[in-house]
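Engineer: The structure follows.
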Amino acid sequence: MQLHELVNTFGQDLQRRYGEKVHKLTLHGGFSCPNRDGTIGRGGCTFCNVASFADEQTQEKSIQVQLAERANEVHRAKKYLAYFQAYTSTYAEVQTLKRMYEEALSEANIVGLCVGTRPDCVPDAVLELLSDYVQQGYEVWLELGLQTAKESTLKRINRGHDFACYDTITRRARALGIKVCTHLIIGLAGESRDDNRNTLAKVIETGTDGIKLHPLHIVEGSTMAKAWHTGRMQAQEMEEYIDIACELIRLTPPDIIFHRVTATARRPTLLAPLWCEKRWLAMTEIGRKLDVDGAQGSLINQSFIYTEPVRKSH
């Protein structure tokens with residue numbers, strides 16, 4: 001069976017609800033990040049180099065120009081979601097955000113917004129703004145970069161927030177009718193399969209509408225790249241990623257939508273693992289494994305939460 005027959009995919013969900021293909025068009029709003037500009041920290045998350053997913057020259061173009069360019073790259077869709085992806089796309093004055101979001105929504109073929117951000121950068125004014133678009137009938141997704149629920153890992157990767165912050169914002173957003181997509185990384189140093197399961201269980205307990213799974217990318221310009229160059233960090237093998245990703249998918253209730261089950265990057269930005277360059281390789285293998293072992297939701301009765309050990313102070 002094909003992947004969309006085994007997993008509740010975002011593309012499948014949009015096709016069913018809109019009666020046709022709907023594509024996301026990525027945008028760069030020129031936003032910064034509080035974990036880079038000194039507001040909460042400097043240097044950013046240890047895995048991050050925004051050049052891996054955003055063209056810095058793009059931010060100089062208007063939202064409408066970017067939408068037109070992205071739409072020309074897609075030939076099988078006539079409806080789109082405007083995806084504010086780069087950096088922290090709620091990190092600005094609310095009037096600035098409103099101007100950008102509404103510039104995108106003014107295009108006749110745009111049916112909604114996907115807004116990528118951090119859990120600690122979604123004040124009530126932003127939630128109210130996004131909720132207003134929901135009330136107008138637009139598709140609105142708040143994409144929150146959680147990455148992991150393990151507090152010690154969040155500190156180690158210099159994330160700058162804790163799980164409680166994610167929990168609070170997710171519950172507030174969903175109470176206002178805003179859909180939440182949670183980003184999770186598989187392969188973070190020091191994390192076990194139990195940690196991955198625990199993160200998923202806590203996300204499901206909080207409540208989410210969508211999930212994005214990412215293999216850890218070691219990219220040039222990141223703090224992790226320094227460790228990789230000196231041999232102090234190893235990249236995850238594709239077989240291990242597929243094994244864990246498939247188990248998480250099978251532990252996920254069927255009503256939760258998977259926006260992504262893997263991710264790709266390109267050299268020279270990508271240092272490792274190089275299998276992430278091949279767009280369809282991991283997706284195909286995930287589909288094959290699920291076809292044999294069971295589809296999304298087939299393990300939900302085995303989900304569990306364990307408590308991270310508390311370190312005693314001396």
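The values are calculated or read from the model by the stated rules, or taken from the named source; none is laboratory data. What you see is a predicted model; the values in this text were computed from it and never measured. All Cβ positions, even for glycine, are placed from backbone atoms using ideal geometry, and neighbour counts span all protein chains on display. Surface areas here come from the heavy atoms of the whole protein model, side chains and all, with no ligands, DNA or RNA. Shrake-Rupley method; radii C 1.70, N 1.55, O 1.52, S 1.80 Å.
Engineer: Quick check: anything in the range 120-131 among the acidic types (Asp, Glu) and closer than 20 Å to residue 24 by Cβ?
Structural biologist: To start, the set of residues in the range 120-131 that are among the acidic types (Asp, Glu) comprises 120, 124, 128.
Still in the running and closer than 20 Å to residue 24 by Cβ: none.
Checked the range 120-131: no residue is among the acidic types (Asp, Glu) and closer than 20 Å to residue 24 by Cβ.
Engineer: Please find, within the range 188-213, the residue that is surrounded by the fewest Cβ atoms within 10 Å (Cβ to Cβ) out of those that are in a loop (DSSP other than H, G, I, E, B) and of a type in the set (S, T, N, Q). Before you say what the answer is, go through the steps one by one.
Structural biologist: Our first condition is that a residue be in a loop (DSSP other than H, G, I, E, B); within the range 188-213, this holds for 188-192, 207-209.
From what's left, of a type in the set (S, T, N, Q): 192, 208.
Values: 192: 10, 208: 22.
Among them, the one singled out is 192.
Engineer: Report yes if residue 220 is over 30 Å from residue 177 (Cβ atoms), without any contact (Cβ under 8 Å) to a residue 60 or more places away in the chain and among the charged types (D, E, K, R), otherwise no. Give the derivation first.
Structural biologist: Working: over 30 Å from residue 177 (Cβ atoms): yes; without any contact (Cβ under 8 Å) to a residue 60 or more places away in the chain: no; among the charged types (D, E, K, R): yes.
For residue 220, the condition - over 30 Å from residue 177 (Cβ atoms), without any contact (Cβ under 8 Å) to a residue 60 or more places away in the chain and among the charged types (D, E, K, R) - is not met.
Engineer: If we keep just the residues of the range 134-163 that are touching a residue at least 60 places away in the same chain (Cβ under 8 Å) and among the basic types (Lys, Arg), which is farthest from residue 210 (Cα to Cα)?
Structural biologist: Among them, the one singled out is 156.
Engineer: Also, I was wondering about something else. Could you tell me whether residue 262 is at pLDDT 95 or above, surrounded by 15 or more Cβ atoms within 10 Å (Cβ to Cβ), out of contact with any helix residue (DSSP H, G or I) (no Cβ under 6 Å at 6 or more places or on another chain) and closer than 18 Å to residue 182 by Cβ? Break it down into steps so the answer makes sense when it comes.
Structural biologist: Working: at pLDDT 95 or above: yes; surrounded by 15 or more Cβ atoms within 10 Å (Cβ to Cβ): yes; out of contact with any helix residue (DSSP H, G or I) (no Cβ under 6 Å at 6 or more places or on another chain): no; closer than 18 Å to residue 182 by Cβ: yes.
No.
Engineer: Would you be able to say whether some residue in the range 238-252 is open to solvent by 30 Å² or more (accessible area, probe 1.4 Å) and assigned to a loop (DSSP other than H, G, I, E, B)?
Structural biologist: For the range 238-252, residues open to solvent by 30 Å² or more (accessible area, probe 1.4 Å) and assigned to a loop (DSSP other than H, G, I, E, B): absent.
Engineer: List the number of the failed condition for residue 231; all other conditions in (1) on the phi > 0 side of the Ramachandran plot; (2) of a type in the set (Gly, Ala, Ser); (3) in contact (Cβ under 8 Å) with a residue 24 or more places away in the chain hold.
Structural biologist: (3)
Engineer: Counting only residues that are over 20 Å from the mean Cα position of the chain (by Cα) and closer than 12 Å to residue 187 by Cβ, which one in the range 221-234 is least open to solvent (accessible area, probe 1.4 Å)?
Structural biologist: Applying the filter and picking the extreme gives 233.
Engineer: Would you call residue 107 under 21 Å from residue 80 (Cβ atoms) and touching a residue at least 12 places away in the same chain (Cβ under 8 Å)? Give the derivation first.
Structural biologist: On the way: under 21 Å from residue 80 (Cβ atoms): yes; touching a residue at least 12 places away in the same chain (Cβ under 8 Å): yes.
Yes, satisfied.
Engineer: Residues in the range 89-104 that are in contact (Cβ under 8 Å) with a residue 60 or more places away in the chain and closer than 13 Å to residue 27 by Cβ: how many? Even if it seems obvious, please write down each step before you answer.
Structural biologist: Of all residues in the range 89-104, those in contact (Cβ under 8 Å) with a residue 60 or more places away in the chain come to 89, 91-92, 100, 104.
From what's left, closer than 13 Å to residue 27 by Cβ: 89, 100, 104.
Count: 3.
Engineer: Something else: Is the range 264-275 home to any residue that is more than 15 Å from residue 7 (Cβ to Cβ), in contact with a His (Cβ under 7 Å, 6 or more places away or on another chain) and either without any contact (Cβ under 8 Å) to a residue 24 or more places away in the chain or not β-branched (Val, Ile, Thr) (or both)? Outline the logic, then answer.
Structural biologist: We begin by selecting, within the range 264-275, every residue more than 15 Å from residue 7 (Cβ to Cβ); these are 264-275.
With in contact with a His (Cβ under 7 Å, 6 or more places away or on another chain) added as a condition, the list becomes 265, 270.
Retained after the next criterion (residues that are either without any contact (Cβ under 8 Å) to a residue 24 or more places away in the chain or not β-branched (Val, Ile, Thr) (or both)): 265, 270.
Checked the range 264-275: at least one residue is more than 15 Å from residue 7 (Cβ to Cβ), in contact with a His (Cβ under 7 Å, 6 or more places away or on another chain) and either without any contact (Cβ under 8 Å) to a residue 24 or more places away in the chain or not β-branched (Val, Ile, Thr) (or both).
Engineer: I need every pair where a residue in the range 196-208 that is on the phi > 0 side of the Ramachandran plot has its Cβ under 6 Å from the Cβ of a residue that is charged (D, E, K, R) and modelled with pLDDT of 95 or more, sequence separation at least 6 or different chains.
Structural biologist: As it stands, the answer is 207/174, since those pairs meet every condition given.
Engineer: Could you list, in sequence order, all residues of the range 174-184 that are touching a Phe, Trp or Tyr at 6+ places or on another chain (Cβ under 7 Å) and open to solvent by less than 40 Å² (accessible area, probe 1.4 Å)?
Structural biologist: If the condition is that a residue be touching a Phe, Trp or Tyr at 6+ places or on another chain (Cβ under 7 Å) and open to solvent by less than 40 Å² (accessible area, probe 1.4 Å), then 181 is the only one that fits.
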